[in-house]
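The values are calculated or read from the model by the stated rules, or taken from the named source; none is laboratory data. In this text the structure is predicted, and so the values were computed from the model without any measurement. Every residue, glycine among them, receives a Cβ derived from its backbone with ideal geometry; neighbour counts consider all protein chains shown.
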Amino acid sequence: MLLSQNDLELFTAELDMRVLLVEDETDLGVAIKRTLKQQKYLVDWVTDGTEAWSCLENNWTQYTVVILDWMLPGLTGLELCKRLRAKGNSLPVLMLTARDRMEDRVAGLDAGADDYLVKPFGMAELLARLRALQRRFPNYQSQQLTVAGLTLDYANYKVISQNSVGEKQEFSLTNKEFQLLEYFMKHPNQIVSTEQIRNQIWELNAESGSNVVAAQVRLLRRKLTNNGCQNPIETLHGIGYRFNLTD
């Protein structure tokens, strides 16, 4: 099945909702990660600039935004930002720092940061600045994704299905089920391996073997069929999975 122009536009406007948090202050890092996860972001938290650069160079990791502390072990936030821009990468960067002088703000923005947040700050302001970045970078934002009669509603974190006679119903998924279905819908008719799914849906350093992925696929299939949806997820034993589009 060929995708329509509308489908292609949805795929090019997709939102991955994955954040790279680079912060070496443990208490602050814990608080930011907890807040972002409550807002349905998938968060990779690292405390070293060198490790952060490794994440940014990794081919399978695609982030919505980088939250970057200025002072870090290894590479500083300023150096990371300069490297990112030198590579031609336009990934949105929110710089965190205790430096509040005008010269420091200018240095951070000139290095390639898109916004600058001075410590201490409230989590409400952090979230507001992330929303503002997403509005400024529409390629990282989408309200809905529709494929094969299924619609993901990002605003309400629900699935809307439509049967053969045009009747619609809504139902909710767990965070992991939603992320898994989103990944399948963004890769229609493509074979995806267990490792690809694990790398995209689970955070770095999380314990998530092949059995965990298989179990999550089973739960998603059950949720779809229990809500009257066709099951488009095909298992290719020893290879991976495929999200089959039907006419």
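With respect to Val43, determine if the residue is in a helix (DSSP H, G or I), over 15 Å from Leu80 (Cβ atoms) and either at pLDDT 90 or above or of a type outside the set (Ser, Thr, Tyr) (or both).
It is false that Val43 is in a helix (DSSP H, G or I), over 15 Å from Leu80 (Cβ atoms) and either at pLDDT 90 or above or of a type outside the set (Ser, Thr, Tyr) (or both).
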Pairs returned, first residue in region 71-97 that is surrounded by fewer than 18 Cβ atoms within 10 Å (Cβ to Cβ), second residue that is polar (S, T, N, Q), beta-carbon separation under 8 angstrom, 6 or more apart or interchain, are Met71/Thr97; Pro73/Thr47; Pro73/Thr50; Gly74/Thr50
The lone condition Cys55 fails out of (1) in contact with a strand residue (DSSP E or B) (Cβ under 8 Å, 6 or more places away or on another chain); (2) part of a loop (DSSP other than H, G, I, E, B); (3) surrounded by fewer than 17 Cβ atoms within 10 Å (Cβ to Cβ) is (2)
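Results for (1) among the small types (Gly, Ala, Ser); (2) at pLDDT 85 or above; (3) surrounded by 15 or more Cβ atoms within 10 Å (Cβ to Cβ), shown as yes or no for each residue.
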site	(1), (2), (3)
Leu152	no, no, yes
Pro188	no, yes, yes
Asn199	no, no, yes
Ala214	yes, yes, no
Gly88: passes all of (1) modelled with pLDDT of 80 or more; (2) under 24 Å from the mean Cα position of the chain (by Cα); (3) under 20 Å from Trp53 (Cα atoms) but (1)
